[in-house]
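J.: Mind looking over this structure? Questions follow.
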Amino acid sequence: MEHGRFEYSPIARRPVFKMPNDARVAVWITPNIEHYHWNKPAIALTQMTTSLKPDVLNYAWRDYGARVGVWRVMEILEKHGFTATAALNSEVCEQYPDIIKEGNRLGWEWMAHGPNNSMIFTGMPAEAERPIIAGVLDSIAKHTGKKSRGWLGPVVTETDNTLDILSDLGVEYVADWCNDELPYAIKTKKGSIFAIPYTLEIGDIPVFLERGGSGEDFFDMIVDQFDQLYEEGAKRPRVLSIAIHPFLVGHPFRARHLARALAHIRSRQAVWLTTGGGIIDWYKAAAGKP
């Protein structure tokens with residue numbers, strides 16, 4: 001293909017790899033745990049005040065996620081037996097250390113997500129990008145005690161150099177390429193990095209902000225996605241990604257529907273509740289990838 005990173009591979013023509021315990025669907029959930037800078041534009045509930053400085057309305061709306069929403073999400077995931085793979089801005093480690101402490105208690109995996117969500121990587125020169133990525137990885141390792149095996153770019157952004165830098169710094173998988181339901185290898189200057197199925201659809205931002213959907217809509221989408229993959233997974237196992245943000249799904253009127261969807265998933269037998277690292281370990285072993 002034009003980018004030279006991987007070849008076209010139709011899913012129906014690939015070898016079939018069994019999942020642990022003959023699971024039909026691997027489910028990984030990615031709470032985005034983010035830090036937004038004061039007086040910088042970012043995702044907003046309403047555009048009415050985004051031109052104001054300070055934009056207290058939208059800043060406080062986002063801040064709800066760290067103060068309240070993430071704690072509700074943590075309780076729901078723990079209750080239903082899901083261990084999250086958090087997409088973590090490294091600045092969260094210093095700004096909200098209690099979140100890191102609780103995430104470690106829950107056994108969460110920390111997927112690096114840039115320094116904050118008030119910047120993007122697009123257009124950044126390699127000489128500027130590399131030290132930023134290295135600093136993110138070092139900070140997360142220092143504060144969580146765990147090296148980040150995966151990466152999700154802030155606002156799902158990359159440069160032409162990002163994958164090469166990540167691979168060179170020891171990152172194993174990247175969630176930016178939302179184009180598959182199974183992992184696959186991406187070429188870099190230093191061997192391969194693996195794309196892991198992430199979602200731009202089964203997430204709270206598109207449902208609630210872009211489409212004006214309800215908690216019931218989110219429940220229906222998750223359940224429909226899961227049930228279809230579960231049916232297809234009898235022949236070819238698939239990966240289900242659920243992307244959430246505590247400042248959205250953490251509100252009570254939405255959180256209860258997330259909980260209902262997770263209960264539905266748990267009601268099925270051939271399901272593998274796992275993390276990003278678990279999926280990549282399985283795929284590398286099954287496909288014979290180094």
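J.: Sequence gap of 8 or more, or different chains, plus Cα separation below 15 Å: how many lysine pairs satisfy both in the chain? Display every interim value, and only then the final one.
T.: Details: 18/235; 18/284; 40/53; 101/142; 101/146; 187/284; 187/289; 190/289.
Close lysine pairs under the 15 Å cut-off: 8.
J.: Another question, then. Which shape class, rounded, prolate or oblate, goes with segment 153-290 when its Cα gyration tensor gives a ≥ b ≥ c as root eigenvalues, a/c under 1.5 marks rounded, and past that a/b bigger than b/c marks prolate? Numbers along the way, then the final one.
T.: On the way: a/c = 2.56, a/b = 1.44, b/c = 1.77.
Since a/c reaches 1.5 but b/c is at least a/b, the shape of segment 153-290 is classed as oblate.
J.: Sticking with this one: As a test of the formula, what do you get for the chain when each DSSP H run with n ≥ 4 contributes -39,500 (n - 2.57) and the sum is divided by the residue count, at 222 nm and rounded to the nearest 500 deg cm²/dmol? Walk me through the numbers before you get to the answer.
T.: Numbers: 10 runs with 107 residues, N = 290.
The helix contribution divided over the chain gives -11000 deg cm²/dmol.
J.: Next question. Let me spell out the model: positive unit charges on the Cβ of Lys and Arg, negative unit charges on the Cβ of Asp and Glu, origin at the Cα centre of segment 97-225. What dipole size does that give, in debye rounded to 20?
T.: Details: 11 positive and 21 negative charges, 163 e Å.
So the magnitude is around 780 debye.
J.: Using the Cα centre as the reference, give the magnitude of the dipole from point charges on the C-beta atoms of segment 188-232 (Lys, Arg: +1; Asp, Glu: -1; all else neutral), rounded to the nearest 20 debye.
T.: Details: 3 positive and 10 negative charges, 131 e Å.
That gives segment 188-232 a dipole magnitude of about 620 debye.
J.: Hey, can you grab everything whose amide H is under 5 Å from the amide H of residue 27? Only 5+ residues off in sequence or another chain; H modelled, so Pro and N-termini drop out.
T.: Under 5 Å from the amide H of residue 27 lie the amide H atoms of 240, 272, 273, 274, each far enough along the sequence or on another chain.
J.: Let me know the shape class of segment 1-136, please: from the alpha-carbon gyration tensor, a ≥ b ≥ c as square roots of the eigenvalues, rounded when a/c is under 1.5, otherwise prolate if a/b is greater than b/c, or oblate.
T.: Numbers: a/c = 1.95, a/b = 1.28, b/c = 1.52.
Because a/c hits 1.5 or more and a/b fails to exceed b/c, segment 1-136 counts as oblate.
J.: Taking H as built 1.01 Å from N, whose amide H comes closer than 5 Å to the amide H of residue 177, not counting residues under 5 places away?
T.: 196
J.: What Kirkwood hydrodynamic radius, in Å, does segment 56-211 give when the mean of 1/r is taken over all pairs of distinct Cα atoms and then inverted?
T.: On the way: mean 1/r = 0.0607 Å⁻¹.
So the Kirkwood estimate lands at 16.5 Å.
J.: With charges set only on the Cβ (+1 for Lys and Arg, -1 for Asp and Glu), what does the dipole of segment 18-287 come to about its Cα centre, in debye to the nearest 20? Walk me through the numbers on the way to the answer.
T.: On the way: 28 positive and 33 negative charges, 121 e Å.
Roughly 580 debye, rounded to the nearest 20.
J.: Return a whole-number percent for the relative contact order of the chain, with Cα pairs under 8 Å and 6 or more residues apart as the contact set.
T.: Numbers: 519 pairs, mean separation 83.7, N = 290.
Reported as a whole number, the value is 29 percent.
J.: Compare the Cα positions of 182, 136, 225 along the charge dipole of segment 103-231 (+1 at Cβ of Lys, Arg; -1 at Cβ of Asp, Glu; about the Cα centre) and return the one farthest towards the positive end.
T.: 136
J.: Taking a ≥ b ≥ c as the square roots of the Cα gyration tensor eigenvalues, with a/c under 1.5 meaning rounded and otherwise prolate when a/b beats b/c, else oblate, which class fits the chain?
T.: Oblate is the answer for the chain, as a/c is 1.5 or above yet b/c matches or exceeds a/b.
J.: Also: Using only Cα atoms, locate the centre of segment 70-127 and the centre of segment 206-231, then give the distance between them in Å, rounded to an integer.
T.: Result: 23 Å between the Cα centres.
J.: Quick one: what are the phi-derived ³J(HN,Hα) couplings along segment 4-9, Karplus 6.51/-1.76/1.60 with θ = phi - 60°, whole Hz, x for glycine and proline?
T.: x, 8, 7, 8, 4, 9
J.: May I pose another question? Answer with one residue from 45, 239, 252: the one whose Cα lies farthest towards the positive end of the charge dipole of the chain, charges on Cβ with Lys, Arg +1 and Asp, Glu -1.
T.: Toward the positive end, the furthest listed residue is 239.
Laboratory data are not the source of any read-out in this text; all were calculated from the coordinates shown. Bear in mind the structure is a predicted one, so any value in this text is a computation, not a measurement. Positions of Cβ are generated from backbone atoms using ideal geometry, with glycine treated the same way; all protein chains shown enter the neighbour counts.
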